[in-house]
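> Please see the structure below; I have some questions.
The values are calculated or read from the model by the stated rules, or taken from the named source; none is laboratory data. Everything numeric in this text was worked out from a predicted model, so none of it was measured. All Cβ positions, even for glycine, are placed from backbone atoms using ideal geometry, and neighbour counts span all protein chains on display. Surface accessibility is based on the protein's heavy atoms, side chains included, excluding ligands, DNA and RNA. Shrake-Rupley method; radii C 1.70, N 1.55, O 1.52, S 1.80 Å.
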Protein chains: 2
Amino acid sequence: MTKSATPKIDTRTRMIQAAFDLFHQQGVNATSVDEILAKSGTGKSQFYHYFKSKEDLVHAVVESFGEMLKAQKLPLKYEIDSWADLEEWFGVFVNHQRRSGCSRGCPMATIAYELTGDDELIRQDINMICELSRKPLLKFFVTEQARGHLVDGADPEALTDFCYTIMQGGLILSKIQKDAAGFERSVEHAITYLKTLRKVSEIDR
Amino acid sequence: MTKSATPKIDTRTRMIQAAFDLFHQQGVNATSVDEILAKSGTGKSQFYHYFKSKEDLVHAVVESFGEMLKAQKLPLKYEIDSWADLEEWFGVFVNHQRRSGCSRGCPMATIAYELTGDDELIRQDINMICELSRKPLLKFFVTEQARGHLVDGADPEALTDFCYTIMQGGLILSKIQKDAAGFERSVEHAITYLKTLRKVSEIDR
DNA sequence: TAAATAATGTACTATATGGTACAATAAAAG
DNA sequence: CTTTTATTGTACCATATAGTACATTATTTA
């Protein structure tokens with residue numbers, strides 16, 4: 001009976017996925033619910049069955065992104081156990097921009113830039129996502145510090161901020177420039193700097 | 001006719017200013033032309049007298065921002081002649097975020113995130129603005145290099161990218177976090193790093 | 001099986017929005 | 001002074017869009 005070959009994705013999820021893509025591509029306000037319905041192959045009654053409004057859907061999209069992050073379903077570097085891993089964490093973003101023609105930025109930043117000014121709830125949601133994304137970085141720097149691999153006075157939080165800032169800035173820069181070269185150069189400098197924060201005894205690790 | 005004597009700002013400019021503010025605050029697509037008219041105290045016939053469409057207005061807003069930059073009418077650091085000036089260049093952004101409650105990000109990035117994916121013309125406009133903004137940075141690093149004040153192999157372009165990336169990333173980060181602390185910490189790291197790129201003989205300058 | 005609940009299809013509505021038509025007035029040019 | 005040209009006011013239109021109403025068909029549950 002059930003076509004296990006085609007596990008039917010439930011309607012709600014399909015709508016969220018379609019919305020996510022469209023939001024990421026053209027923004028929230030430029031995306032109509034009809035467009036989302038067309039892309040997800042669903043109808044209006046289903047939409048308002050699962051979501052009480054478009055705003056509610058935006059919330060669901062952000063929440064869903066958080067779940068994806070937690071479940072490590074997104075093509076990101078989740079485990080940073082070495083400085084090489086840290087480089088790879090950056091590299092994933094740079095390569096993604098390159099492969100995708102730099103036409104998009106961070107999906108959450110897209111929503112943040114559009115809605116965060118007026119909608120404090122969405123801002124908090126996205127801030128949560130932001131913290132989730134920072135977790136692997138923070139964990140790495142905390143661990144390195146605990147192992148005595150960082151120079152004295154290094155603050156894991158601040159280092160995490162630094163990495164995240166470079167990543168976010170690089171995404172928007174490469175989108176504006178339609179070229180990931182500047183992003184990559186920034187990352188190279190960031191990495192160079194971060195490596196200077198290792199304890200001397202760790203440099204050859 | 002000379003405008004400098006006339007205190008009355010002309011209609012077109014008022015519309016552009018109102019649009020700029022609203023776009024910056026709530027985005028382009030969330031701003032209706034009626035809203036712009038209300039804020040600028042103008043009428044619809046005037047709008048379509050000066051602009052052929054809303055899209056045309058967006059273009060004018062970006063262009064106007066470029067003119068403001070060139071005329072140094074915006075509260076930014078335009079002349080970077082020392083490392084202290086470079087710190088101030090960052091500081092202006094951090095302080096602005098702090099004072100404004102971090103409710104907004106970069107006005108051009110706001111437009112970029114909304115429209116750049118679909119509208120290549122706007123992307124190019126904003127990319128121009130981006131280059132204008134980078135000019136003081138680039139000039140500084142080029143000059144420093146020419147004076148032999150930078151370590152060998154330092155690339156002014158790459159350093160400019162690095163600074164600009166931190167600035168853009170910091171703006172979005174502080175907007176999402178509604179707090180400029182992370183932005184500031186990132187900037188501190190960036191400055192620390194940049195100073196390591198001075199020739200040893202210049203460090204006490 | 002029967003009742004209740006979830007899910008979906010079709011048609012519709014109210015309104016906001018970008019844009020127009022066109023006349024009227026102010027200003028410049030000749 | 002007269003004729004253009006630039007500017008502004010009022011009224012309007014077509015359409016896109018978020019959201020409803022309501023009937024119908026699955027799917028559970030009792």
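> Once every DSSP H run of n ≥ 4 in the protein assembly as shown is given -39500 (n - 2.57) and the sum is divided by its residues, what mean residue ellipticity at 222 nm do you get, rounded to the nearest 500 deg cm²/dmol?
Values: 18 runs with 276 residues, N = 410.
Per the formula, -22000 deg cm²/dmol.
> How crowded by other chains is B:108-115, given as the mean number of beta carbons from other chains within 10 Å of each beta carbon?
Numbers: counts 2, 8, 3, 1, 6, 14, 8, 3.
The mean count of partner-chain Cβ atoms within 10 Å per residue comes to 6.
> If you keep only loop residues by DSSP, which trypsin sites (Lys or Arg not before Pro) in the range B:21-60 have at most 15 other Cβ atoms within 10 Å of their Cβ? The partial results should precede the final answer.
On the way: sites: B:39, B:44, B:52, B:54; in loops: B:52.
Those that pass, being in a loop and sparsely packed, are B:52.
> Would you kindly calculate the translational diffusion coefficient of the range B:75-205, applying Stokes-Einstein with the Kirkwood radius from alpha carbon pairs, for 20 °C and a viscosity of 1.002 mPa s, and quote it in µm² s⁻¹ without decimals?
On the way: Rh = 15.6 Å.
D = 138 µm²/s.
> From the backbone phi of the range A:186-192, what are the Karplus-calculated ³J(HN,Hα) couplings (6.51 cos²θ - 1.76 cosθ + 1.60, θ = phi - 60°) in whole Hz, Gly and Pro given as x?
Per residue, the Karplus-derived 3J(HN,Hα) values read 4, 5, 4, 4, 4, 4, 3 Hz.
> Heads up, I need the accessible area for residue B:199: 1.4 angstrom probe, whole protein in place, Å², nearest 10.
About 70 Å², ignoring ligands and nucleic acids.
> Would you mind working out the magnitude of the charge dipole of the protein assembly as shown relative to its Cα centre, with +1 at each Lys and Arg C-beta and -1 at each Asp and Glu C-beta, to the nearest 20 Debye?
Values: 52 positive and 58 negative charges, 133 e Å.
Dipole of the protein assembly as shown, to the nearest 20 debye: 640 debye.
> Let me ask another. What does the structure give for A:189-199 when I average, per residue, the other chain Cβ atoms found within 10 Å of the residue Cβ?
Numbers: counts 13, 7, 0, 4, 8, 2, 0, 3, 3, 0, 0.
So the per-residue partner count for this stretch is 4.
> Before I look further, what does the range B:1-73 give for accessible area per residue, probe 1.4 Å, in whole square angstrom? Before the final figure, lay out each step's value.
Values: 4210 Å² over 73 residues.
On a per-residue basis, 58 Å².
> Along the charge dipole of the protein assembly as shown, pointing to its positive end and built from +1/-1 on Cβ of Lys, Arg, Asp and Glu, which listed residue (A:145, B:11, A:60) has its Cα farthest out?
Checked the options; the winner is B:11.
> With all protein chains present, calculate the accessible area of residue B:20 using a 1.4 Å probe and round the result to the nearest 10 Å².
The accessible area comes out at roughly 50 Å².
> Can you sort B:110, B:42, A:192 by 1.4 Å-probe accessible area, starting with the largest?
In descending accessible area the options line up as A:192, B:42, B:110.
> Read phi for every residue in the range B:32-47 and hand back ³J(HN,Hα) as whole Hz from Karplus 6.51 cos²θ - 1.76 cosθ + 1.60, θ = phi - 60°, with x for Gly and Pro.
With the stated coefficients, the range B:32-47 comes to 8, 5, 4, 4, 5, 4, 4, 5, 8, x, 10, x, 5, 5, 5, 3 Hz.
> To the nearest Å, what is the center-to-center distance of the range A:142-187 and the range B:8-67, using C-alpha atoms only?
Comparing the Cα centres of the range A:142-187 and the range B:8-67, I get a distance of 37 Å.
> Could you rank A:198, A:98, A:104 by how accessible they are, 1.4 Å probe, largest area first? List each step's numbers first, then the result.
Working: A:198 30, A:98 110, A:104 60 Å².
Heavy-atom accessible area, descending, gives A:98, A:104, A:198.
> For the range A:1-157, what is the relative contact order in percent, using Cα pairs closer than 8 Å and at least 6 residues apart in sequence? Could the numbers behind the result be given before it?
On the way: 109 pairs, mean separation 38.2, N = 157.
Relative contact order here is 24 percent.
> On to the next question. Using θ = phi - 60° and the Karplus curve 6.51 cos²θ - 1.76 cosθ + 1.60, what whole-Hz ³J(HN,Hα) does each residue of the range A:103-109 get, with Gly and Pro shown as x?
Here the 3J(HN,Hα) series is 7, 10, x, 6, x, 6, 5 Hz.
> Sorted by accessible area with a 1.4 angstrom probe, largest first, how do B:119, B:161, A:155 fall? Can you show the working numbers first?
Details: B:119 30, B:161 0, A:155 65 Å².
I get A:155, B:119, B:161, largest accessible area first.
> How much accessible surface area, in Å² rounded to 10, belongs to the heavy atoms of residue B:151 with a 1.4 Å probe?
50
> To the nearest 0.05, how large is the calculated FRET efficiency for residue A:49 and residue A:92 if R₀ is 41 Å and r is the Cβ-Cβ distance?
Details: r = 37 Å, r/R0 = 0.90.
Taking R0 as 41 Å, the efficiency between residue A:49 and residue A:92 is 0.65.
> Put a label point 7 Å from Cα along the Cβ direction on residue B:91, then list its distances to the equivalent points in the other copies in nm, shortest first.
Those label-point separations list as 3.9 nm.
> Continuing with this model, one more query. Suppose every Lys and Arg Cβ carries +1 and every Asp and Glu Cβ carries -1, with no other charges. What dipole size does the range B:1-73 come out with about its Cα centre, to the nearest 20 debye?
That gives the range B:1-73 a dipole magnitude of about 260 debye.
> For a Förster distance of 41 Å, can you work out the FRET efficiency between the beta-carbons of residue B:11 and residue A:38, rounded to the nearest 0.05?
Numbers: r = 41 Å, r/R0 = 0.99.
That gives a FRET efficiency of 0.50.
> Shifting gears a bit: Can you compute the charge dipole magnitude of chain B about its Cα centre, using +1 on each Lys and Arg Cβ and -1 on each Asp and Glu Cβ, nothing else charged? Give it in debye, rounded to the nearest 20.
Working: 26 positive and 29 negative charges, 147 e Å.
In debye, rounded to 20, chain B gives about 700.
> Ok, one more. For residue A:44, place a label point 7 Å from Cα along the Cα-to-Cβ direction in every copy; what are the distances to the other copies, in nm, shortest first?
Values, ascending and in nm: 2.5.
> Hey, another quick one. What lysines does residue B:195 reach when the alpha-carbon gap must be under 16 Å and sequence neighbours fewer than 8 apart in one chain are set aside?
Once the sequence-local lysines are set aside, what remains near residue B:195 is A:195.
> As a quick test, which of the pairs A:178/B:135; A:139/A:199; A:39/B:54; B:135/B:199 have an alpha carbon distance above 21 angstrom in this structure? Provide the component values of the computation, followed by the final result.
Numbers: A:178/B:135 19 Å; A:139/A:199 18 Å; A:39/B:54 27 Å; B:135/B:199 23 Å.
In this structure, A:39/B:54; B:135/B:199 exceed 21 Å between Cα atoms.
> What spacing in nm lies between the two simple spin-label points modelled at residue B:71 and residue A:151, each 7 Å away from Cα in the Cβ direction?
4.5
> Here is a further query. Which angle between 0 and 90 degrees, to the nearest 10, do you get for helix B:83-99 versus the longest principal axis of chain B when only C-alpha atoms count?
The angle comes out near 40 degrees.
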